Amino acid sequence: MPAGLLLYTSPTPNGHKVSVFLEELRAVYGIEYDVEKIDLSKNTQKEPWFIKLNPNGRIPVLVDRNRNNFPVFETAAILLYLQHHYDKDNKFGFDQNTDPDHWSDELQWIFFAHGGVGPMQGQANHFNKYAPEDIPYAKKRYTEETKRLYSVLEIRLQDRDWLVGPGRGVYTIADINVIAWIRFHKIAGIETLDEWPRLKDWVERATSRPAFQAGVQVP
């Protein structure tokens, strides 16, 4: 019998964001999901059937079979959707009505990653490893901006274990949303995270979680 959730994905930082969270939900609630791997080298994500799910032609896409095959694209939107509908005890996020300040903090750091770390490190990854020609200016521009964004996270983590939540914070989708990118720092031309010790410890805390380790093996 098919699972209630279907994930179209590939082994990329954006793909891993969602599979890691789905594994966290599986560990806590027993939620099951199916996976269909999208072959980016064949441009499967540009085929008409996929464009109907996501007009932008990008992975991942989540289809919620439990809710009339409702499709969700954009990784931050998928994380927020899953947290709203499937994290009933708010283990990985905050309720807008009962905890509006922490919920706002969560959105702020999700959007920081979605508009900053993801795009900038994505460009750094491209120009450092995948570009067909060497463009030193582009490599320097995007790698340096990625480092600057890491420094912003270092400031936030000065006296915290996680990005949002009371006290030293709690592990939430805000952490998953950005750590999935930082794991690939070497591709961006950043050999180590030693320059940002708090960030480095934070990444290690998250990636040592069994569900995180399972999620980055998907698909």
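The values are calculated or read from the model by the stated rules, or taken from the named source; none is laboratory data. Please read these numbers as outputs of a predicted model, since none were measured by experiment. Cβ atoms come from the backbone with ideal geometry, glycine included; neighbour counts cover every protein chain shown. What goes into the accessible areas is simple: the full protein's heavy atoms, side chains included, and nothing from ligands, DNA or RNA. Shrake-Rupley method; radii C 1.70, N 1.55, O 1.52, S 1.80 Å.
Around the amide H of residue 35, modelled in the peptide plane, lie the amide H atoms of 7, all under 5 Å away and 5 or more residues distant in sequence or on another chain.
Nonpolar atom fraction for the chain, defined as the carbon and sulfur part of the 1.4 Å probe accessible area, stands at 50 percent.
Remark: segment 209-219, residue by residue, has Karplus-estimated 3J(HN,Hα) of 5, x, 5, 5, 4, 5, x, 7, 8, 9, x Hz, where x stands for each Gly or Pro and the curve is 6.51 cos²θ - 1.76 cosθ + 1.60 at θ = phi - 60°.
Given the peptides 200-213, 71-84, arrange them by the average over their residues of other C-beta atoms within 10 Å, most packed first. Kindly include the intermediate steps, with their values, before the conclusion.
Working: 200-213: 16.3, 71-84: 19.7.
By packing density, highest mean first, the sequence is 71-84, 200-213.
For the chain, a crude dipole built from +1 on the beta carbon of Lys and Arg and -1 on the beta carbon of Asp and Glu, taken about the Cα centre, is about 500 debye to the nearest 20.
This structure gives Cα Rg over 2.2 N^0.38 Å, computed directly, and of [x] 1.78; [y] 1.18; [z] 1.01 that value is listed as [z].
Residues whose amide H lies under 5 Å from that of residue 10, counting only those 5 or more places away or on a different chain, are 15, 38; hydrogens are built 1.01 Å from N in the peptide plane.
Rounded to whole numbers, the Karplus 3J(HN,Hα) couplings from phi for segment 107-117 are 4, 4, 6, 5, 5, 4, 6, 5, x, x, 4 Hz, using 6.51 cos²θ - 1.76 cosθ + 1.60 with θ = phi - 60°, and x at Gly and Pro. Shape verdict for segment 106-219, please, from the Cα gyration tensor: rounded (a/c under 1.5), prolate (a/b greater than b/c) or oblate. Prolate, because a/c is 1.5 or more and a/b exceeds b/c.
Filter the cross-link list 91/186; 37/147; 140/186; 17/147 down to pairs whose alpha-carbon distance in this structure exceeds 24 Å. Before the final figure, lay out each step's value.
On the way: 91/186 31 Å; 37/147 31 Å; 140/186 14 Å; 17/147 21 Å.
Check vs 24 Å cut-off fails for 91/186; 37/147.
Sorting the segments 158-166, 36-44, 2-10, 172-180 by their residues' average number of neighbouring beta-carbon atoms within 10 angstrom, most packed first, yields 172-180, 2-10, 158-166, 36-44.
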